[in-house]
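A.B. asks: Take a look at the following structure, please.
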Amino acid sequence: MDIDLLEPVRLGESTQWIRIRAASAGNPLLLLVQQGPGLPMINEVRTFERVLSLEDDFTVVYWDQRGCGRSLRSAGATRDLSIETMVSDTERLLAMLCDRFDRPAVVAGFSMGAMIAARAAARRPDLVATLVAVSMDIDGGAAGKNAYEFALAAARARQNRRAVRQLAAIGPPPHLTPEGFATRGRWAINFGGVRIGQTYNSMARGLLASLLRSPDYSLADAVRAIRGITATIAALAPELETLDLTVTLPSLNCPIVMVQGRHDQVAPGSAAERYAELLTAPSKQFVWFEHSAHMPQLDEPGRFRELLAKVRLGLPADA
């Protein structure tokens, strides 16, 4: 690596952490905004390098956002945790990075991170070369309803009495507590709506292993990161439930590529298609990943890497 740095950054009143990596210092800038609520990003360095090799083409910035991962080290790390503060953090970080590297950034946001990135891009389109929105959170109420109905129907079809019992216990959305949110998510994952071929337990083990194996986290960091997920869900779930980008974000002034997994049940493709139709932007593309659920970057990593390479070259992403 020509660049391989782990650094703290001051974003407003919060100290957060980034990891910057590039095979060549002249590579275009790529900021990764992780899905959530509460999931860190710096722990993904090894996985992303192995399956995507983004550092060959980009100066990649991995970021543990407010309330996530290594950024939980500072006192009051979850203070003022809201969508608004996370959007402001993104705007500040983009300004800092673009000034430092003297170029606008390609921004790849995943799920909640795509929504956060889009709102930041709407404020500062001059900082964003292209927004790549992967499985973007668009309509929180509709997404929760879809995930719950999918999980319950799958549980009944498979005669999984434990799943039916737990889903019936929390009832239909809204699920505004960490317990209800996690129960819905657990069964949506187990029935294939989030990651192809993965279960809740296998994904949880993978997260823990990535934290413990990462040289960027101490054992205390790993413990804080896991606990921070629950705290972040508690803070953000009510806001996510009322989210509707069709009303609050009908236009962007930067190019956008929307990436959607065909089997995604927690950010359903129907909502993404509707939003893509009404959204106005200088350039917009909508790309289906036919063999993916909510995580196309890991379900179809080769194709996702090709898509980003086309974005880098200014080529149509779906060609």
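A.B. asks: Hey, rough spin-label estimate for Leu219 and Asp318, points 7 angstrom out along Cα→Cβ, what's it come to in nanometres?
C.D. replies: For Leu219 paired with Asp318, the spin-label model returns 5.1 nm.
A.B. asks: What whole-number value in cubic angstrom gives the convex hull volume per residue for the C-alpha atoms of the chain?
C.D. replies: Values: hull volume 37.5 nm³, N = 319.
Here the figure is 118 Å³ per residue.
A.B. asks: Could you give each residue of the range 244-255 its phi-based ³J(HN,Hα) in whole Hz, using Karplus coefficients 6.51, -1.76, 1.60 with θ = phi - 60°, and x for Gly or Pro?
C.D. replies: For the range 244-255, the Karplus curve yields 7, 5, 5, 9, 8, 9, x, 8, 9, 10, 9, x Hz.
A.B. asks: Considering only Pro301, Leu315, Ser283, whose Cα is most displaced toward the positive end of the charge dipole of the range 182-319, charges sitting on Cβ of Lys, Arg (+1) and Asp, Glu (-1)?
C.D. replies: Looking along the dipole axis, the top candidate is Pro301.
A.B. asks: Kindly report the accessible area of the range 71-147 per residue (heavy atoms of protein chains, probe 1.4 Å, no ligands, DNA or RNA), in Å².
C.D. replies: Details: 2520 Å² over 77 residues.
Averaged over the residues of the range 71-147, the accessible area is 33 Å².
A.B. asks: Counting only protein heavy atoms, what percent of the accessible surface of the range 166-319 is carbon or sulfur at a 1.4 Å probe?
C.D. replies: On the way: 4010 of 7100 Å².
Carbon and sulfur together cover 57 percent of it.
A.B. asks: Based on the Cα gyration tensor of the range 174-319, what are the three equivalent ellipsoid semi-axes, each the root of five times an eigenvalue, rounded to whole Å and given largest first? Before the final figure, lay out each step's value.
C.D. replies: Details: eigenvalues 165, 86, 52 Å².
Listed largest to smallest, the semi-axes of the range 174-319 are 29, 21, 16 Å.
A.B. asks: Further question: Around Leu11, which amide H atoms from residues at least 5 apart in sequence, or from another chain, sit under 5 Å from its own amide H, with H modelled in the peptide plane?
C.D. replies: The list, which skips near neighbours in sequence, is Gln16.
A.B. asks: Now a separate question. Full extension from Arg162 to Arg100: what is 0.36 nm times the residue separation minus their Cα-Cα distance, to one decimal in nm? Spell out each step's value before the answer.
C.D. replies: On the way: separation 62, 0.36 × 62 = 22.32 nm, distance 5.26 nm.
Separation in residues times 0.36 nm, less the Cα-Cα distance, equals 17.1 nm.
The values are calculated or read from the model by the stated rules, or taken from the named source; none is laboratory data. Since the model is a prediction, treat every value here as computed from it, not as a measurement. So basically every Cβ, Gly included, is an ideal-geometry build from the backbone, and we count neighbours across all protein chains shown. Ligands, DNA and RNA are excluded from the accessible area calculation, which covers all protein heavy atoms including side chains. Shrake-Rupley method; radii C 1.70, N 1.55, O 1.52, S 1.80 Å.
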